[in-house]
Amino acid sequence: MAAPAFDEIVENFELFDDWEDRYRYVIDLGKDMEPLSEDERVPAYKVDGCASQVWLVPDVEDGPGAPRLTFRGDSDAMIVRGLIALLVARYSGRPLEEIRDSDAQAEFARLGLTEALSSQRSNGLRAMVARLQDLAAHGTPA
């Protein structure tokens with residue numbers, strides 16, 4: 001299923017000639033996100049497996065059609081905030097089944113991120129995606 005905000009990011013990525021510009025763009029996406037409150041920076045929302053501190057605050061919305069997972073996130077690292085912004089653009093507001101069954105590796109390969117990120121950042125991105133897929137499969141933490 002299409003995620004228009006993520007598709008727009010993919011198109012914007014194609015406008016940049018080098019990774020330095022792409023990294024700057026990803027960081028700018030993170031800067032545009034609203035930071036989480038201190039009350040939201042709690043262990044229940046913390047993502048394990050990331051070198052930086054990462055929090056994802058989920059909410060399952062029951063409405064017409066399939067339940068959807070919306071979420072917000074934050075990190076103490078600028079590039080990771082940008083990666084969270086990419087995740088929000090791709091997955092927030094999407095049906096649980098779509099998130100649970102998605103091939104995140106293929107989605108982010110559209111951006112060329114697999115080759116461009118350090119192994120530490122790649123592991124962190126995988127940990128964030130795994131957390132989202134777990135939330136989509138089992139529900140949000142208390």
Say we look at segment 111-142 and pick out the residues that are closer than 18 Å to Ile79 by Cβ and of a type in the set (Gly, Ala, Ser); which of these is surrounded by the most Cβ atoms within 10 Å (Cβ to Cβ)?
Gly124
Take the residues of segment 60-82 that are out of contact with any strand residue (DSSP E or B) (no Cβ under 8 Å at 6 or more places or on another chain) and of a type outside the set (Gly, Ala, Ser): which is surrounded by the fewest Cβ atoms within 10 Å (Cβ to Cβ)?
Pro64
Of (1) modelled with pLDDT under 95; (2) within 16 Å of Glu34 (Cβ to Cβ); (3) part of a helix (DSSP H, G or I), Gly82 satisfies all except one. Which?
(1)
Within segment 7-22, identify whether any single residue is touching a residue at least 12 places away in the same chain (Cβ under 8 Å), surrounded by 14 or more Cβ atoms within 10 Å (Cβ to Cβ), closer than 20 Å to Ala127 by Cβ and not hydrophobic (A, V, I, L, M, F, W, C), and answer yes or no.
no
If Gly65 satisfies every condition in (1) outside any strand (DSSP E or B); (2) within 14 Å of the chain's Cα centre (by Cα) but one, which is the exception?
(2)
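The values are calculated or read from the model by the stated rules, or taken from the named source; none is laboratory data. Because the structure is predicted, anything quoted here is derived from the model rather than measured. With ideal geometry, Cβ positions are generated from the backbone for all residues, glycine too; neighbour counts draw on all protein chains shown.
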